[in-house]
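Asker: Here's a structure for you.
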Amino acid sequence: MIDLRSDTVTRPGEAMKAAMITAETGDDVYGEDPSVNRLEAMAAEVTGKEAGLLVSSGTQGNLLGLLTHCQRGDEYIAGQEAHTYRFEAGGGAVLGGIQPQPLAFNARGELDLEQLRRVIKPDDFHFAISRLVCLEDTQGGKPLALSYLDDYVALTREFGLSRHLDGARLFNAAVAQQIAASEICKRFDSVSFCLSKGLGCPIGSMLVGTSEFIARARRWRKMLGGGMRQAGMFAAAGIYALQHNVARLAEDHANAARLGAGLADMGIALAEPVQTNMVMLDPRASDVRALRDFLATRNIIISGPRLVTHLDVAAADIDVVLSACADYGAAR
Ligand SMILES: *Cc1c(COP(=O)(O)O)cnc(C)c1O
């Protein structure tokens with residue numbers, strides 16, 4: 001089976017499982033799990049932040065980011081299609097009383113800075129208090145240019161706003177641009193990134209920021225039921241992933257590029273160029289449901305126009321997918 005639905009479907013490999021089984025553990029709510037402490041220090045180090053926090057999911061990391069930056073009656077600005085706004089069950093509004101101000105992403109996955117400037121609220125008691133601007137990197141498989149981030153930093157500074165990055169695929173962005181993750185992260189006050197996607201862990205995300213910020217986030221995590229005990233078994237997977245599964249994301253990107261080019265060659269149009277591990281088919285140009293149903297008969301799973309490469313898709317699998325797509329084209 002070749003599963004291209006998402007990079008969340010990766011399963012822990014033998015070496016990662018061995019690291020988990022032999023992990024040193026302790027009670028993390030007491031701060032005594034050496035593996036968790038080590039992973040949190042490594043996450044801080046690789047992102048250039050003071051401190052890190054192991055959280056259960058990217059959703060929890062982003063929610064802690066919102067709750068820690070914002071008070072009740074504050075507002076955060078995020079993309080209309082941003083995970084934080086659209087796919088996290090409205091947690092900031094439900095649990096934090098934080099009003100979202102969504103804005104469309106442009107074709108590069110950015111919030112247009114002129115539009116952003118227009119939605120930032122002046123200090124007037126009619127309005128919620130604009131507090132935070134969230135970005136996503138990669139956004140729909142697109143890495144954000146550092147020059148754009150610099151302009152975003154300048155604008156948020158002008159208005160005294162905080163900056164949070166939903167970096168679920170932070171390392172895809174860094175590897176694709178051949179820069180250190182810290183180059184991206186230094187432009188944000190806080191960053192969440194997923195261990196459970198391209199990095200291949202069974203569970204977990206990290207939130208990083210200043211020590212003071214992470215101390216406050218840790219209280220929110222406890223309140224949300226996220227204080228875990230011998231979490232070192234999961235942290236060990238994260239440590240393994242940061243050591244072994246970051247640089248290899250380049251293979252996923254090369255596989256996605258080859259898949260995208262091969263599909264385009266056979267007339268299955270892409271909606272946009274492949275930049276990292278996602279191939280976006282143009283749903284107006286091809287019948288994606290028919291393709292999905294055909295591929296399912298070959299044990300290849302896609303769920304829609306987005307095909308995602310990851311740790312459990314080998315270069316040889318790309319050949320299998322391309323030849324199945326060629327058969328699909330010939331049969332029509
Ligand atoms: C997957 C993802 C998250 C977090 O998802 P969880 O399933 O909660 O770990 C956050 N943001 C983006 C952009 C994502 O793709």
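Asker: Out of (1) of a type outside the set (D, E, K, R); (2) within 16 Å of the ligand (Cβ to nearest atom); (3) more than 20 Å from K222 (Cα to Cα), the odd one out for S56 is which?
Answerer: (3)
Asker: For the stretch 168-186, give me each residue that is out of contact with any helix residue (DSSP H, G or I) (no Cβ under 7 Å at 6 or more places or on another chain) and either buried (at least 24 other Cβ atoms within 10 Å of the Cβ) or among the small types (G, A, S) (or both).
Answerer: If the condition is that a residue be out of contact with any helix residue (DSSP H, G or I) (no Cβ under 7 Å at 6 or more places or on another chain) and either buried (at least 24 other Cβ atoms within 10 Å of the Cβ) or among the small types (G, A, S) (or both), then R169 is the only one that fits.
Asker: Can you confirm whether the stretch 107-116 contains a residue that is over 27 Å from M206 (Cβ atoms), surrounded by fewer than 18 Cβ atoms within 10 Å (Cβ to Cβ) and touching a residue at least 40 places away in the same chain (Cβ under 8 Å)?
Answerer: yes
Asker: Another question, if that's okay. Do you know which of the residues in the stretch 72-93 that are assigned to a loop (DSSP other than H, G, I, E, B) and under 16 Å from S130 (Cα atoms) is nearest to the ligand (Cβ to nearest atom)?
Answerer: R72
Asker: Scan the stretch 108-122 for residues that are in a loop (DSSP other than H, G, I, E, B) and either touching a strand residue (DSSP E or B) at 6+ places or on another chain (Cβ under 8 Å) or polar (S, T, N, Q) (or both) and jot them down.
Answerer: Within the stretch 108-122, R108, G109, E110, D112, I120, K121 meet the criteria.
Asker: If you don't mind, there's one more thing I want to ask. Which one of these does G198 not meet: (1) within 21 Å of L64 (Cβ to Cβ); (2) under 18 Å from the mean Cα position of the chain (by Cα); (3) crowded, with 22+ Cβ neighbours inside 10 Å?
Answerer: (1)
Asker: Count, please, the residues in the stretch 123-152 that happen to be more than 16 Å from the ligand (Cβ to nearest atom) and among the β-branched types (V, I, T).
Answerer: 1
Asker: So in the stretch 126-167, with the set limited to residues that are closer than 16 Å to H83 by Cβ and of a type in the set (G, A, S), which one is surrounded by the fewest Cβ atoms within 10 Å (Cβ to Cβ)?
Answerer: Among those that are closer than 16 Å to H83 by Cβ and of a type in the set (G, A, S), it is G140.
Asker: If G79 passes every condition in (1) touching a Pro at 6+ places or on another chain (Cβ under 8 Å); (2) surrounded by fewer than 20 Cβ atoms within 10 Å (Cβ to Cβ); (3) not hydrophobic (A, V, I, L, M, F, W, C) but one, which one does it miss?
Answerer: Here G79 clears every test but (2).
Yes/no matrix, rows are residues, columns are (1) in contact (Cβ under 8 Å) with a residue 60 or more places away in the chain; (2) of a type in the set (F, W, Y); (3) within 16 Å of the ligand (Cβ to nearest atom); (4) not in a loop (DSSP other than H, G, I, E, B):
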{"position": "A154", "(1), (2), (3), (4)": "no, no, no, yes"}
{"position": "R157", "(1), (2), (3), (4)": "no, no, no, yes"}
{"position": "G160", "(1), (2), (3), (4)": "no, no, no, no"}
{"position": "H164", "(1), (2), (3), (4)": "yes, no, yes, yes"}
{"position": "A168", "(1), (2), (3), (4)": "yes, no, yes, no"}
{"position": "F171", "(1), (2), (3), (4)": "yes, yes, yes, yes"}
{"position": "A176", "(1), (2), (3), (4)": "yes, no, yes, yes"}
{"position": "F188", "(1), (2), (3), (4)": "no, yes, yes, no"}
{"position": "F193", "(1), (2), (3), (4)": "yes, yes, yes, yes"}
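Asker: Next up: Quick check on this structure: which one of S303, S286 is touching a residue at least 60 places away in the same chain (Cβ under 8 Å), polar (S, T, N, Q) and part of a loop (DSSP other than H, G, I, E, B)?
Answerer: One residue alone meets the criteria, S303.
No lab work stands behind these numbers, since they all come straight from the coordinates. Just so you know, these numbers come straight off a predicted model, no measurement behind them. Here Cβ is always computed from backbone atoms with ideal geometry, including for glycine, and neighbour counts include all displayed protein chains.
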